[in-house]
């Protein structure tokens, strides 16, 4: 069995994404499944590098801060005030 050691994951894509996946798989001459496996593998490798370098944690922190500002959990002015205090 070709997939004996692999796990199956349901994945929903838009029509536009499906067209692009089909286009590139055809252009490269591989199946859509193999193309997605390759993309996922490369993406996971990239995430590991981002994690080791600390960039992933910075990105998560910025995302969380932006969420809190958007949802009015934090006043942006208070952040600016703290920044001014740190530079004095």
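Among the residues of region 28-42, those that are part of a loop (DSSP other than H, G, I, E, B) and surrounded by fewer than 12 Cβ atoms within 10 Å (Cβ to Cβ) comprise 29, 31. Among the residues making up region 43-60, those that are part of a helix (DSSP H, G or I) and farther than 24 Å from residue 7 by Cβ are 52, 53, 55, 57, 58, 59, 60.
Read-outs throughout are calculated quantities, based only on the coordinates presented, and are distinct from any laboratory measurement. The structure presented is a predicted model; accordingly, all values stated were derived computationally and were not measured. Cβ sites come from the backbone with ideal geometry, for glycine too, and all protein chains shown count toward neighbours.
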